[in-house]
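Working notes for the structure below.
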Amino acid sequence: MDVVVIGAGQAGLSAAYFLERAGLDHLVLDAEDGPGGAWRHRWPTLRMATVHGIHDLPGTPFAEPDPDAPANEVLPAYFADFERRNGLRVRRPVRVRAVRDLDGLLRVETDRGAFDTRALVNATGTWTRPFWPRYPGQELFRGRQLHSSQYRGPEEFAGRHVVVVGGGTSAVQQLLEIAGHAAGTTWVTRREPEFSDAPFTPEVGRAAVARVEERVRLGLPPRSVVGVTGLSLTPAVRAGLANGVLARRPVFERLTEDGVAWADGSALRADAILWATGFRAALDHLAPLRLREPGGGIRLDGTRVVADPRVHLVGYGPSASTVGATRAGRAAAREIKALQARSEAA
């Protein structure tokens, strides 16, 4: 076929929408059991009131939701409606194992067979690759360790002391929730957190995306857009700063059997460590194509992989946001259409 799209989150669905309008024969493969992408797995206490702004999927305005509605219900329902309205061909659950070069075509190997295609749009995001840093003594700690992707709500930490590791939005949101139930909390980060009370205007967003885009243009691993813009000073964050919940400490040097310890000899007893340490791009299935640069990332020109123009990454680097994902889907479809027109002309 003309194009295989891997992943049916916002970036993948946007790409499929524009591929359909470009008249390109395509198929979307999604590893999930139903619509919604990573939103299906967000923690149940995450409400729409605290979700970062959601950009519309193309041609389907996102109606203002009840602010108290769970994000892991609202967004999957919106995605499902988008798939139905546009008659998108999404095959699920299909897990992609590898993508290989095959005499000028790309062979997508999955647990449901192989698919041969002229071009590929990869929209696998990051949710399936949570990042767990390594610290000395990690295997000795007798308490509970979990990643923020495994967090299901604050009640399970009642009466416990929890150390939250990480300086991103998820770390702050989960810490603020847990603090109302736990016996105590400690927040540690590698770098001093940066807070911003400036409104997130289109200009601010474009500037942040440009900084991330520069890294992928150089073949370096991308930083997140949120990591570039800093933490928003919402009312909840201001309250956390005022009451000391968001009093940050530098990250510890090692874990002990019953807590954590710093290089200066100080130590802290803890019952649980929540690793809110982010994610990495889920790209292992592309390894046979040898797309990575010496800097560790994949160099892009727009959405097109410089090392192989048949491959486009959407929802990666500068397009790893709801607004960026929609734009990237449009750009990928336009580039693939142009590439095929050139091939046919030749």
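The values are calculated or read from the model by the stated rules, or taken from the named source; none is laboratory data. What you see is a predicted model; the values in this text were computed from it and never measured. Cβ placement follows ideal geometry from the backbone for every residue including glycine, while neighbour counts extend to all protein chains displayed.
Among the residues of segment 98-135, which ones are closer than 21 Å to Ala22 by Cα and of a type in the set (Gly, Ala, Ser)?
Selection gives Ala119, Ala123.
Contact list please: Cβ distance under 7 Å, first residue in segment 59-71 and within 23 Å of Gly329 (Cβ to Cβ) and assigned by TED's automatic domain parsing to the domain that holds Arg84, second residue of a type in the set (Lys, Arg) and in a loop (DSSP other than H, G, I, E, B), pairs at least six apart or on different chains.
These pairs meet every condition: Ala71/Arg42.
What number goes with the only condition from (1) in contact with a helix residue (DSSP H, G or I) (Cβ under 9 Å, 6 or more places away or on another chain); (2) crowded, with 16+ Cβ neighbours inside 10 Å; (3) in a loop (DSSP other than H, G, I, E, B) that Ala31 does not pass?
Of the numbered conditions (1) in contact with a helix residue (DSSP H, G or I) (Cβ under 9 Å, 6 or more places away or on another chain); (2) crowded, with 16+ Cβ neighbours inside 10 Å; (3) in a loop (DSSP other than H, G, I, E, B), the odd one out for Ala31 is (1).
Within segment 58-79, which residues are surrounded by 14 or more Cβ atoms within 10 Å (Cβ to Cβ), closer than 30 Å to Ala119 by Cβ and of a type outside the set (Ser, Thr, Tyr)?
In the first step, residues of segment 58-79 are kept if they are surrounded by 14 or more Cβ atoms within 10 Å (Cβ to Cβ); the result is 58, 60, 62, 65, 69-79.
Narrowing further to those that are closer than 30 Å to Ala119 by Cβ: 58, 60, 62, 75-76, 78-79.
Of everything in segment 58-79, those that are surrounded by 14 or more Cβ atoms within 10 Å (Cβ to Cβ), closer than 30 Å to Ala119 by Cβ and of a type outside the set (Ser, Thr, Tyr) turn out to be Pro58, Phe62, Leu75, Pro76, Phe79.
Would you check if there is a residue in segment 299-320 being of a type outside the set (Ser, Thr, Tyr), on the phi > 0 side of the Ramachandran plot, surrounded by fewer than 21 Cβ atoms within 10 Å (Cβ to Cβ) and without any contact (Cβ under 8 Å) to a residue 60 or more places away in the chain? Write out each step before concluding.
Kept after step one, since they are of a type outside the set (Ser, Thr, Tyr), are these residues of segment 299-320: 299-302, 304-315, 317-318, 320.
Filter once more, keeping what is on the phi > 0 side of the Ramachandran plot: 302, 315, 317.
Going one step further and asking which of them are surrounded by fewer than 21 Cβ atoms within 10 Å (Cβ to Cβ), we end up with 302.
Then keep just the ones that are without any contact (Cβ under 8 Å) to a residue 60 or more places away in the chain; that gives 302.
Checked segment 299-320: at least one residue is of a type outside the set (Ser, Thr, Tyr), on the phi > 0 side of the Ramachandran plot, surrounded by fewer than 21 Cβ atoms within 10 Å (Cβ to Cβ) and without any contact (Cβ under 8 Å) to a residue 60 or more places away in the chain.
Suppose we filter segment 183-216 for residues that are within 17 Å of Ser319 (Cβ to Cβ), modelled with pLDDT of 75 or more and basic (Lys, Arg); how many remain?
Within segment 183-216, residues that are within 17 Å of Ser319 (Cβ to Cβ), modelled with pLDDT of 75 or more and basic (Lys, Arg) number 1.
For segment 91-162, which fully contained strands (runs of 3 or more DSSP E) count at least 3 residues that are closer than 26 Å to Leu46 by Cα?
Numbers: elements: 96-102, 105-110, 113-117, 119-122, 144-147.
Once the strands (runs of 3 or more DSSP E) in segment 91-162 are filtered for at least 3 residues that are closer than 26 Å to Leu46 by Cα, what remains is 144-147.
For Val74, indicate whether it is without any contact (Cβ under 8 Å) to a residue 40 or more places away in the chain, closer than 27 Å to Arg190 by Cβ and not acidic (Asp, Glu). Before you say what the answer is, go through the steps one by one.
Values: without any contact (Cβ under 8 Å) to a residue 40 or more places away in the chain: yes; closer than 27 Å to Arg190 by Cβ: no; not acidic (Asp, Glu): yes.
Against the criterion (without any contact (Cβ under 8 Å) to a residue 40 or more places away in the chain, closer than 27 Å to Arg190 by Cβ and not acidic (Asp, Glu)), Val74 does not qualify.
Any residue that is out of contact with any Ser or Thr (no Cβ under 8 Å at 6 or more places or on another chain), of a type in the set (Asp, Glu) and either modelled with pLDDT under 95 or surrounded by 13 or more Cβ atoms within 10 Å (Cβ to Cβ) (or both) - is there at least one of those in segment 96-105?
Taking segment 96-105 and keeping what is out of contact with any Ser or Thr (no Cβ under 8 Å at 6 or more places or on another chain), we get 98-104.
Filter once more, keeping what is of a type in the set (Asp, Glu): 101, 103.
Remaining after also requiring either modelled with pLDDT under 95 or surrounded by 13 or more Cβ atoms within 10 Å (Cβ to Cβ) (or both): 101, 103.
Checking segment 96-105: at least one residue is out of contact with any Ser or Thr (no Cβ under 8 Å at 6 or more places or on another chain), of a type in the set (Asp, Glu) and either modelled with pLDDT under 95 or surrounded by 13 or more Cβ atoms within 10 Å (Cβ to Cβ) (or both).
Provide a single number: the residues in segment 97-146 that are within 17 Å of Ala287 (Cβ to Cβ), out of contact with any helix residue (DSSP H, G or I) (no Cβ under 6 Å at 6 or more places or on another chain) and β-branched (Val, Ile, Thr).
5
Of the residues Ala276, Ala261, Ala267, Ala242, which is small (Gly, Ala, Ser) and touching a helix residue (DSSP H, G or I) at 6+ places or on another chain (Cβ under 9 Å)?
On the way: Ala261 fails: touching a helix residue (DSSP H, G or I) at 6+ places or on another chain (Cβ under 9 Å); Ala267 fails: touching a helix residue (DSSP H, G or I) at 6+ places or on another chain (Cβ under 9 Å); Ala242 fails: touching a helix residue (DSSP H, G or I) at 6+ places or on another chain (Cβ under 9 Å).
Step by step, each of Ala276, Ala261, Ala267, Ala242 is checked, and only Ala276 is small (Gly, Ala, Ser) and touching a helix residue (DSSP H, G or I) at 6+ places or on another chain (Cβ under 9 Å).
Return the only residue of Ala242, Ala236 being modelled with pLDDT of 80 or more, outside any loop (DSSP other than H, G, I, E, B) and more than 27 Å from the chain's Cα centre (by Cα).
On the way: Ala236 fails: more than 27 Å from the chain's Cα centre (by Cα).
Only one candidate passes the filter, namely Ala242.
Considering Arg152, Arg129, Arg142, Arg160, which residue is closer than 30 Å to Pro288 by Cα and of a type in the set (Lys, Arg)? So that I can check it myself, show each step before the final result.
Numbers: Arg152 fails: closer than 30 Å to Pro288 by Cα; Arg142 fails: closer than 30 Å to Pro288 by Cα; Arg160 fails: closer than 30 Å to Pro288 by Cα.
Selected residue: Arg129, the only one of Arg152, Arg129, Arg142, Arg160 that is closer than 30 Å to Pro288 by Cα and of a type in the set (Lys, Arg).
Based on this model, can you work out whether Arg310 counts as over 20 Å from Tyr17 (Cβ atoms) and assigned to a helix (DSSP H, G or I)? Explain how you work it out, then say what you get.
Working: over 20 Å from Tyr17 (Cβ atoms): yes; assigned to a helix (DSSP H, G or I): no.
For Arg310, the condition - over 20 Å from Tyr17 (Cβ atoms) and assigned to a helix (DSSP H, G or I) - is not met.
Only residues that are surrounded by fewer than 15 Cβ atoms within 10 Å (Cβ to Cβ) and among the hydrophobic types (A, V, I, L, M, F, W, C): list them for segment 80-95, please.
Across segment 80-95, the qualifying residue is only Ala80.
Conditions first: (1) assigned to a loop (DSSP other than H, G, I, E, B); (2) surrounded by fewer than 19 Cβ atoms within 10 Å (Cβ to Cβ). Ala8 passes all but one, so which condition is the exception?
(2)
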